[in-house]
Amino acid sequence: MSSIYPYADRYPINSAMPKTGRDRSEILAELDDLARSEDSTWETGQCSGTMYCGDHEHYAFMAKAFASRAKSSR
């Protein structure tokens, strides 16, 4: 099961919708932690198909651009 859920030791696995929601800041902190963990893997070149240049500055730019578009469509 650990290969399917590599972060099960750090985060709960939800098999159904939780009865209560979570604070947005908690979710963002969790996503940030997961992203840092994943970075250490793909930066070694051991990742296939989803990361192409490995330029963190470029990815930050793209995230800001996508976030900007999301704000303007409200």
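The values are calculated or read from the model by the stated rules, or taken from the named source; none is laboratory data. Here the structure is a predicted model, which means the values were calculated and not measured. Here the Cβ is made from the backbone with ideal geometry for all residues, glycine too, and neighbour counts use every protein chain on show.
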Just the residues that are closer than 23 Å to residue 67 by Cα and either at pLDDT below 70 or of a type in the set (Gly, Ala, Ser) (or both), please, taken from region 43-55. 50, 51, 52, 53, 54
Restricting attention to region 16-42, and to residues there that are hydroxyl-bearing (Ser, Thr, Tyr) and modelled with pLDDT of 90 or more, which single residue is nearest to residue 55 (Cα to Cα)? 25
Taking only pairs six or more apart or across chains, which ones have beta-carbon atoms under 6 Å, a first residue in region 4-24 that is in contact (Cβ under 8 Å) with a residue 24 or more places away in the chain and part of a loop (DSSP other than H, G, I, E, B), and a second residue that is exposed (fewer than 10 other Cβ atoms within 10 Å of the Cβ) and among the small types (Gly, Ala, Ser)? none
